[in-house]
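Encoded as structure tokens, the structure appears first; notes follow it.
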Amino acid sequence: MNLPLNGRIAIIDDKIEQAIPLMNVLSQKRYPYSYYSGEVQFLPDQNDISNDIRILFLDINLIDDQVREEKVLRGRLIPVLKRVISPSNYPYVVVYWSRTENELKKMVEDMFDQNLSDRKPIAYLSQNKLDFFNLDGSKTDEFDEKLTTLFSEIFELLGKLPSYNYLLNWENHVHCATDKTLQEIFKSCHTPESWSDNAGFLIDKLGLSYTGKNSYKNFSAEQKIKSSFQAFNNLFYDTLEYTINNFNYPNAVEVVYDNKLVDKENIYSVNKKILLSDDITYMAYSGAVTEDINTRSDNVFNELLNNTLNRTNIESAAKENAQASGKEEDEIEKIVKKSVQDMRKEIRKSWKKIYFVVTPLCDYVQGKYYNIRVVKGFLLKGDLLKYIDQRSEAIFISPRFKYNNEVYAIVLHFRYFFTSLGPEGFKGLSPLFRVRHELLSEVQSKLARHVNRQGVLFIDED
């Protein structure tokens, strides 16, 4: 089982002396944590989303040791939780304790359902504080045993949530890979007197190696640091990949789920996260996708659309629908002839004409490009993809994703590849998003195959 190694454990308890034993155990096992007494001046800013919480240890009574009405406890808890747990903090579990465990269980869950629904945990574990502390605040005779049992119950809870447990495991891998990356780069800088000079030298050389000498010398300090970080990333990715592939997962179980409870539409929302970034970026940046809202370009994009349609599918669907409606043969023929034109109109109602930048990222970073390289295409509603020619090697179709609450796919036509000096030569441009590295690489790879298919020279006896 896994507890977070990256400081994503929080303890909220107004009595620090009752939180110290828990802190000691976490510290002994090298699990970093944050402690909050509940005092407003020491709480994070409500808009601070710099670090999520994965496990929250929560004392329900942040007022005193007396039995209090539920509305009083809620009134104290809610503002504190809103400051510690941000709306974007997800997922996490709550381990809470009180002196009246059973009576407050419903209150806790109702509080998150009604007052804190935007930051609701995925699971709860309740404990009776009287098992750990006497009414006078002193430890019970069974304290050590109960504390050991507490962690056993936490691990048992995580064991019932294999998906969440694996996510914690992955986050820990990322944390360890980051640490190992820094060790491997800077392990030679052991002399304290010259550490800063040696480290600065390596950081500078890594940035230089990433961008190249000619470009690097003209970079600002900010650009040089970014180049160094990209060099760190290369080593980090390799370290993380190797660590995960060679890690043993004892008692691993398959992730199971009930298909009836799964929201399949989530696939398209997740695809957006995998394929796209909401970064609204400069058109020259690799992977930038920009919408052309200038009507003067309609003729070119209409031609592009004509060259991507699968007319056979459109006409077959039109014929099938007409026959099912009981149309006469001559009328069916007219409907079929008109079907392609109707489909073009249907697509144009919701499409977005786009420019997709395929300039290699290294050229952009190193400032080696003179013209940006672009492929024209359009965003198409997902339910219309069946009318696009999916066999042509000149046409690229992305997986479907949710954008502006609609399911779309990117359709590109490599015959409409061109170079441009940049957005200055265009009017009516609107940045949409940036595609991530894997999708950009796939487009670049298919574009390269489209313009360079050598074939094989040979003779045959026939």
Q: Enumerate the pairs (first residue in segment 103-126 and of a type in the set (Lys, Arg); second residue anywhere and surrounded by fewer than 12 Cβ atoms within 10 Å (Cβ to Cβ) and in a helix (DSSP H, G or I)) with beta-carbon separation below 9 Å, excluding pairs fewer than 6 apart on the same chain, so at least 6 apart or on different chains.
A: 120/113
Q. Could you say which residue among 198, 214, 218 is outside any helix (DSSP H, G or I), over 31 Å from the mean Cα position of the chain (by Cα) and either β-branched (Val, Ile, Thr) or farther than 28 Å from residue 5 by Cα (or both)?
A. 218
Q) Of the conditions (1) open to solvent by 50 Å² or more (accessible area, probe 1.4 Å); (2) in contact with a strand residue (DSSP E or B) (Cβ under 8 Å, 6 or more places away or on another chain); (3) part of a loop (DSSP other than H, G, I, E, B), residue 326 fails just one. Which one is it? A) (2)
Q) For segment 93-132, what are the residues that are more than 17 Å from residue 74 (Cα to Cα) and assigned to a helix (DSSP H, G or I)? A) 129, 130, 131
Q: Look at residue 254 and say whether it is part of a helix (DSSP H, G or I) and either at pLDDT 85 or above or touching a strand residue (DSSP E or B) at 6+ places or on another chain (Cβ under 9 Å) (or both).
A: no
Q.
Restricting to segment 231-251, name every residue that is in a helix (DSSP H, G or I) and either exposed (fewer than 10 other Cβ atoms within 10 Å of the Cβ) or modelled with pLDDT under 90 (or both).
A. 245
Q: Only residues that are closer than 17 Å to residue 114 by Cβ and either surrounded by 15 or more Cβ atoms within 10 Å (Cβ to Cβ) or aromatic (Phe, Trp, Tyr) (or both): list them for segment 62-71, please.
A: 70
Q: Could you grab me the full set of residues in segment 345-381 that are assigned to a helix (DSSP H, G or I), buried (at least 16 other Cβ atoms within 10 Å of the Cβ) and modelled with pLDDT of 90 or more?
A: 347
Q: Test residue 46 against the stated conditions and say whether it is outside any loop (DSSP other than H, G, I, E, B) and more than 24 Å from residue 151 (Cα to Cα).
A: no
Q: Report, by residue number, each residue of segment 25-52 that is aliphatic (A, V, I, L, M), open to solvent by less than 40 Å² (accessible area, probe 1.4 Å) and touching a Pro at 6+ places or on another chain (Cβ under 9 Å).
A: 26, 43
Q. In the list 67, 72, which residue meets the criterion of being farther than 24 Å from residue 148 by Cβ, assigned to a helix (DSSP H, G or I) and of a type in the set (Val, Ile, Thr)?
A. 72
Q. Among the residues of segment 72-94, is any open to solvent by less than 30 Å² (accessible area, probe 1.4 Å), within 19 Å of residue 172 (Cβ to Cβ) and polar (S, T, N, Q)?
A. yes
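When the residues of segment 268-293 are narrowed to those that are open to solvent by less than 80 Å² (accessible area, probe 1.4 Å) and modelled with pLDDT under 90, which ends up farthest from residue 376 (Cα to Cα)?
279
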Q) Yes or no: residue 258 within 25 Å of the chain's Cα centre (by Cα) and over 21 Å from residue 188 (Cβ atoms)? A) yes
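Restricting segment 166-196 to residues that are among the aromatic types (Phe, Trp, Tyr) and modelled with pLDDT of 90 or more, which is farthest from residue 236 (Cα to Cα)?
Step one: filter segment 166-196 for residues among the aromatic types (Phe, Trp, Tyr), giving 166, 170, 186, 195.
From what is left, the residues that are modelled with pLDDT of 90 or more are 166, 170.
On the way: 166: 20, 170: 14 Å.
Checking each candidate, the answer is 166.
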Q. If you go through segment 265-322, how many residues are in a helix (DSSP H, G or I), within 17 Å of residue 417 (Cα to Cα) and of a type in the set (Val, Ile, Thr)?
A. 1
Q) Within segment 382-417, how many residues are open to solvent by less than 50 Å² (accessible area, probe 1.4 Å) and part of a strand (DSSP E or B)? A) 15
**Q.** Number of positions in segment 1-24 that are open to solvent by 20 Å² or more (accessible area, probe 1.4 Å), among the aliphatic types (A, V, I, L, M) and part of a loop (DSSP other than H, G, I, E, B)
**A.** 2
Q. What single numbered condition from (1) in contact (Cβ under 8 Å) with a residue 12 or more places away in the chain; (2) under 27 Å from residue 28 (Cα atoms); (3) of a type in the set (Ser, Thr, Tyr) fails to hold for residue 149?
A. (1)
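It is to be established whether one or more residues within segment 130-137 are out of contact with any Ser or Thr (no Cβ under 9 Å at 6 or more places or on another chain) and open to solvent by less than 20 Å² (accessible area, probe 1.4 Å). Can you show your working first?
Taking segment 130-137 and keeping what is out of contact with any Ser or Thr (no Cβ under 9 Å at 6 or more places or on another chain), we get 135-137.
Among the residues that remain, those that are also open to solvent by less than 20 Å² (accessible area, probe 1.4 Å) are: none.
No - not one qualifying residue is present in segment 130-137.
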Q. Of 265, 303, which residue is within 29 Å of residue 409 (Cα to Cα), touching a residue at least 60 places away in the same chain (Cβ under 8 Å) and open to solvent by 60 Å² or more (accessible area, probe 1.4 Å)?
A. 265
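State all residues of segment 159-181 that are aliphatic (A, V, I, L, M) and open to solvent by 70 Å² or more (accessible area, probe 1.4 Å); if no residue qualifies, say none.
167
The values are calculated or read from the model by the stated rules, or taken from the named source; none is laboratory data. Just so it is clear, the model here is predicted, and its values are computed rather than measured. For neighbour counting, all protein chains shown are included, and Cβ atoms are generated from backbone atoms with ideal geometry for every residue, glycine included. Side chains included, ligands, DNA and RNA excluded: accessible areas come from the protein's heavy atoms. Shrake-Rupley method; radii C 1.70, N 1.55, O 1.52, S 1.80 Å.
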